[in-house]
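> One structure coming up, written as structure tokens, with questions to follow.
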Amino acid sequence: MNLRALLLSWLSLALLLTACAPQSSAPAIEVEDPWGPAVPSSSDMAAFYMVLHNRGAQPDRLIAASSPACSMTELHQSILSSDGVMRMQQVRAIEIPARGRVELKPGGLHVMCMHKKAAFAVGDTYSLTLTFEKAGPIQVQVSIRNP
């Protein structure tokens, strides 16, 4: 076998292996329509809502959130207790399935802003950093509006 034929064989093999290599399956998180309701300054708390899309082939988890508009943030879920009263409870993480979506909405999952630093007036925007277990931090702008 001559040198040229050997080089062509190696090149063909390299191209074949490249074409057969698995594509990245890392989570690809997209945040759709982050918003929060208008809340007067007399209220110490507010909530942020959005839709989380995972375009990747692996699940991911929202594990934290932070905003300069809040002294503290937590991931929460609203639940209907056995006595018929709606209550909020902190959750450790919010699962986003592979190629799936999760909606954070009033009466369900949400990011809780505690000890807010200003009134949330319609038209205001606040920075919010969402931290995902695999995808890492994603910063978004939350629009304050009427529900």
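> Would a scan of segment 93-111 turn up a residue that is in contact with a Lys or Arg (Cβ under 6 Å, 6 or more places away or on another chain) and of a type in the set (Val, Ile, Thr)?
Looking only at segment 93-111, we keep the residues that are in contact with a Lys or Arg (Cβ under 6 Å, 6 or more places away or on another chain), and these are 93, 95.
Of the ones still in play, those that are also of a type in the set (Val, Ile, Thr) are none.
No, there is no match, as no residue in segment 93-111 is in contact with a Lys or Arg (Cβ under 6 Å, 6 or more places away or on another chain) and of a type in the set (Val, Ile, Thr).
> Can you name every residue in segment 133-147 that is surrounded by 13 or more Cβ atoms within 10 Å (Cβ to Cβ) and either within 16 Å of the chain's Cα centre (by Cα) or among the hydroxyl-bearing types (Ser, Thr, Tyr) (or both)? Write out each step before concluding.
Step one: list which residues in segment 133-147 are surrounded by 13 or more Cβ atoms within 10 Å (Cβ to Cβ), which gives 133-135, 138, 140, 142-145.
Answer for segment 133-147, where residues must be surrounded by 13 or more Cβ atoms within 10 Å (Cβ to Cβ) and either within 16 Å of the chain's Cα centre (by Cα) or among the hydroxyl-bearing types (Ser, Thr, Tyr) (or both): Glu133, Lys134, Ala135, Ile138, Val140, Val142, Ser143.
> How many residues are within 10 Å of the chain's Cα centre (by Cα) and surrounded by fewer than 18 Cβ atoms within 10 Å (Cβ to Cβ) when one looks only at segment 104-132?
Qualifying residue count for the region: 2.
> Turning to a different aspect of this structure: Are any residues in segment 63-95 small (Gly, Ala, Ser), assigned to a loop (DSSP other than H, G, I, E, B) and modelled with pLDDT of 95 or more, and if so, which ones? Explain how you work it out, then say what you get.
If we filter segment 63-95 for residues that are small (Gly, Ala, Ser), which is where we start, we get 64-67, 69, 71, 78, 81-82, 84, 93.
Remaining after also requiring assigned to a loop (DSSP other than H, G, I, E, B): 67, 69, 81-82, 84, 93.
Result: Ser67, Ala69, Ala93.
> If you don't mind, there's one more thing I want to ask. Within the group Arg99, Arg61, which residue is in contact with a Phe, Trp or Tyr (Cβ under 8 Å, 6 or more places away or on another chain) and either surrounded by 12 or more Cβ atoms within 10 Å (Cβ to Cβ) or of a type in the set (A, V, I, L, M, F, W, C) (or both)? Step through it out loud before you land on a result.
Details: Arg99 fails: in contact with a Phe, Trp or Tyr (Cβ under 8 Å, 6 or more places away or on another chain).
Of the residues listed, the single one that is in contact with a Phe, Trp or Tyr (Cβ under 8 Å, 6 or more places away or on another chain) and either surrounded by 12 or more Cβ atoms within 10 Å (Cβ to Cβ) or of a type in the set (A, V, I, L, M, F, W, C) (or both) is Arg61.
> Report, ordered by the first and then the second residue, all pairs with beta carbons closer than 9 Å, sequence separation of six or more or different chains, a first member in segment 119-136 that is in a strand (DSSP E or B), and a second member that is basic (Lys, Arg).
Every condition considered, the pairs that remain are Phe132/Arg61.
The values are calculated or read from the model by the stated rules, or taken from the named source; none is laboratory data. Because the structure is a prediction, the values reported are computed rather than measured. FYI the Cβ positions are ideal-geometry reconstructions off the backbone, even for glycines, and counts take in every protein chain you see.
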